[in-house]
Amino acid sequence: MPLSGRAALQRLSSRSNREPTDAQHSVVLDATNSVVSDSTPGHALDAIRSVARSGDPTLSVNGVALHSTVSPAREAQRLAEARNEQVPGVDCFVVFGCGLGYLVNALLELRPDVPVVVVEPAPDLVLETAAFVPDVPFWGSDELPQLLRTMQESDVRVPALVAGRAFQHLFPDQWRLVRESIESYVERTRVNRNTIRRFGRTWVRNILRTAAAGVPVISLEALRDAFAGIPALVCGAGPTLERILPALPDIARRTVVISVETAAARVSSAGVVPDFVVTVDPQYWNTRHVDNLPERSPILVTEPAANPRSLRLWSGTVALAESVFPLGREIWGAADARSRLGAGGSVATSAWDLARFVGAPEVYLSGVDLGFPGNATHCRGTFYDDYVRTLAVRTRPAESYKHRLLGDASPQAVRAAGGGEVLSDRRMHVYRAWFEDQLESGRAPTTYLTAKESSAIKGAHFADLADASIRSSLKDVRDEIDRRRAALDNYAERMGLRTGVFEELTSVIVRIEERARRSVDVCDEIVRRGSADAGDLRRVDALDAQLLADERRHIAGFLLGDAADAAIAARAEDALSSVKQSAAIHRAVAESAQYHIALLSRYR
């Protein structure tokens, strides 16, 4: 599974193709890694190449040896073997600092099936190493967001970060940034995989129920830049939403109000009808947050995998985003839902992305705390608040449920927006990392947190909208907002499904199931025999290729279970274990296809 060919850091230059010489050679770099003279004391890296005892070339920087001065190749081999053992199922090695390429070569030799990328903290050092380094992608440590996006696009799930101690010592700040970024990526990927395991079948079922319900909807595309030039307020259901409720009627005259469904009733209780309500959660109980809304005129923004109950109950306009899931794109993508909302794991991330989508130049986050200010979990008056009270008994009061929520996901103190600390947890870290990635991308509106008690988000500023002097800097644009809203409410172009789309999908998935079952039968026959030869492997490879050639295999592939994940992650030790691996993967594809077929039969 090779990574994208985009190597954002230019690795070679006009000097990089020269052959290394046996003589010592040095290049001096300043603090920004630009070539300078030797006369810049205290602000330079002095890189000197020499020869190790083994006869191999080696390199030192500022007197620190980047590789072993005895046997650099053997040292790299030991490090590669240790890291490969430490990270089961690794599907990409990320090497911090290339040096003379010993570690990169050792990893490629040990695991030729796993791609390798290099994050280079000192790009000009690559001029010293060009003749030793294989053709692998190089990235600068300042290009981590682009690298992580490329890894995500390439479906990298288990990256392993590898670095020699010398690079960690010489570039501690860059090392910490790279380590934390990869750890955050791994955590987000793990959470995403666990979420798919928990809700995957529910998402598939909701997509088909939404399509079968026939609720009239418009495409999210109709909302693109609909409020360009007007600031937006995003209301989450965190505790600090309470701080701005008294001022909310005035704020609503100056901003487009976007509420997550959890906070919609509380926003309405302050006398403000949100312009948009965003819901993306698949569960029935989440729809109960809008049961008692006094007004259902806001534009409901959702996606096909959300629970369809909210759509059926809504009296106002419903805008449907492109689904992030394969089946949803197959059904609704053909109906021109070309626009997708960001999915950072929380409905608040989708609400922020909606603000960006409609063209808001500034976005104010209220109640998007990504933590537990004052050890509170939600603002008052939410459905959750009422629900836990109905569950309370004398031996288990409502506070016990809130206490469990606080402690369920490794609570930890993080920096607060106004200084100091606030309690947060591992889930909130995933959401915070998503926001920070977006804010670093250069395509984000200026974003403000409205409460000092909220968790700080790197790249976001602070603006206390409860302060009238701060609000006065925003113009009263409510009449213009209402005018544009009316145009959207009267938007005539409704989305519709193609005729026969359910029948077509059934035919496609039946074909996928038949191919997967055929492969399982062949693999099981070989396994029963107890041995596999080259001819057997060619037969299995041909069946693999046939399934992979199906452009719509991703529909059934979405619901692969734990057994398939384990098989994909495992390294086949011999021909027979390779056949068993294929059997497990194709059996999971067949079971997923069977589930889709049963649902298509029920809802078409």
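The values are calculated or read from the model by the stated rules, or taken from the named source; none is laboratory data. Computed from a predicted structure; not experimentally measured. No Cβ is skipped: glycine too gets one built from the backbone with ideal geometry, and neighbour counts run over all protein chains shown.
Of (1) surrounded by fewer than 14 Cβ atoms within 10 Å (Cβ to Cβ); (2) modelled with pLDDT of 90 or more; (3) of a type outside the set (Val, Ile, Thr), residue 490 satisfies all except one. Which?
Evaluating residue 490 over (1) surrounded by fewer than 14 Cβ atoms within 10 Å (Cβ to Cβ); (2) modelled with pLDDT of 90 or more; (3) of a type outside the set (Val, Ile, Thr) leaves (2) as the failure.
For the structure I just gave you, tell me whether residue 47 is modelled with pLDDT under 90, assigned by TED's automatic domain parsing to the domain that holds residue 162 and not hydroxyl-bearing (Ser, Thr, Tyr).
Judged against the criteria, residue 47 is a match.
Filter region 343-370 down to residues that are polar (S, T, N, Q) and touching a helix residue (DSSP H, G or I) at 6+ places or on another chain (Cβ under 6 Å) and give me whichever is modelled with the highest pLDDT.
366
Please verify whether residue 596 is part of a helix (DSSP H, G or I) and at pLDDT below 90, treating the condition exactly as stated.
Criteria not met by residue 596.
What pairs can you find where one residue is in region 304-315 and assigned by TED's automatic domain parsing to the domain that holds residue 260, the other is of a type in the set (Phe, Trp, Tyr), and their Cβ atoms are less than 8 Å apart, with a gap of 6+ or different chains?
Every condition considered, the pairs that remain are 304/325; 304/332; 305/203; 305/325; 307/284; 309/284.
Return yes or no: is residue 456 crowded, with 17+ Cβ neighbours inside 10 Å, closer than 20 Å to residue 177 by Cβ and among the aliphatic types (A, V, I, L, M)?
yes
Of a type in the set (Ser, Thr, Tyr), touching a helix residue (DSSP H, G or I) at 6+ places or on another chain (Cβ under 7 Å) and within 18 Å of residue 272 (Cβ to Cβ) - does that describe any residue in region 478-492?
No, there is no match, as no residue in region 478-492 is of a type in the set (Ser, Thr, Tyr), touching a helix residue (DSSP H, G or I) at 6+ places or on another chain (Cβ under 7 Å) and within 18 Å of residue 272 (Cβ to Cβ).
Quick check, is residue 469 farther than 30 Å from residue 558 by Cα, part of a helix (DSSP H, G or I) and of a type in the set (S, T, N, Q)?
yes
Can you confirm whether residue 53 is charged (D, E, K, R) and farther than 22 Å from residue 136 by Cβ?
For residue 53, the condition - charged (D, E, K, R) and farther than 22 Å from residue 136 by Cβ - is met.
Going by what's in this entry, would residue 239 be described as modelled with pLDDT of 90 or more and in the same structural domain as residue 142 (by TED's automatic domain parsing)?
no
Could you please give the count of residues in region 294-317 that are buried (at least 21 other Cβ atoms within 10 Å of the Cβ) and not hydroxyl-bearing (Ser, Thr, Tyr)?
Here the count works out to 12.
Checking the structure you have, find out if any residue of region 515-538 is over 30 Å from residue 233 (Cα atoms), polar (S, T, N, Q) and not in a helix (DSSP H, G or I).
Yes, because at least one residue in region 515-538 is over 30 Å from residue 233 (Cα atoms), polar (S, T, N, Q) and not in a helix (DSSP H, G or I).
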